[in-house]
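Laboratory data are not the source of any read-out in this text; all were calculated from the coordinates shown. Keep in mind that what you see is a predicted model, and the values were worked out from it rather than measured. Reconstructed Cβ throughout: ideal geometry from the backbone, glycine too, with neighbour counts over all protein chains shown.
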Amino acid sequence: MSAIVTPFPLQAARTAQVGFEREELQRILDLYGRMVAAGLWRDYAMDFGRDAASFSGFRRAAERPEARIEKRPALRTKQGMWTIFGEGGQVLKRGHELAGVLFPLERRLLKVVEG
């Protein structure tokens, strides 16, 4: 008597999901915390799909996101896997390194201090 073993769940039925690595998420959440402290953001959302992972920062939960940080690994060898989109969907910055791509958002936190 022979038994047929079927793995569960089927490997073909599984779909890969793009996510953030710990260091990436730490950097993004650090920025989010500073934006909250500055009174610019009040809520966030994360979306993980087959092609991309995104983090959205909101002024208010009922509005469109003020900024969306997207990681799309398929573009790693082309223009870079990191993109920041503005409130209207326009590309604000694109690149290979997360730190450089986050600069336009971090620049908003800089304040002029008079001596």
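Once you put a point 7 Å from the Cα of R76 and another 7 Å from the Cα of D30, both along the Cβ direction, what distance in nm separates them?
It is 2.3 nm.
As a check on your grasp of the helix formula, calculate [θ] at 222 nm for the chain: sum -39500 (n - 2.57) over DSSP H runs of n ≥ 4, divide by the residue count, round to the nearest 500.
The helix-only estimate for the chain comes to -6000 deg cm²/dmol at 222 nm.
Where does each of 85-91, 24-30 land if you order them by average Cβ count within 10 Å, highest first?
For the peptides 85-91, 24-30, the packing ranking is 24-30, 85-91.
For each of S56, S2, count neighbouring Cβ atoms within 10 Å of the residue's Cβ, then give the residues from fewest to most.
Ordered by Cβ neighbours within 10 Å, fewest first: S2, S56.
Starting from the coordinates of the alpha-carbon atoms of the range 16-107, obtain the Kirkwood hydrodynamic radius over all distinct pairs and give the value in Å to one decimal.
13.2 Å
Would you be so kind as to identify which of G39, I4, F85 lies farthest towards the positive end of the dipole of the chain, taking Lys and Arg as +1 and Asp and Glu as -1 on Cβ and the Cα centre as origin?
Towards the positive end, the residue furthest out is F85.
Which whole-Hz couplings ³J(HN,Hα) result when phi for each residue of the range 73-90 is put into the Karplus expression 6.51 cos²θ - 1.76 cosθ + 1.60, θ = phi - 60°, listed in order with x for Gly and Pro?
Each residue of the range 73-90 in turn: x, 4, 9, 3, 8, 9, 8, x, 8, 9, 9, 10, 10, x, 4, x, x, 6 Hz.
Once you list every other residue whose beta carbon is under 14 Å from the beta carbon of S56, what net charge do they have if Lys and Arg are +1 and Asp and Glu are -1?
Computed value for this residue: 0.
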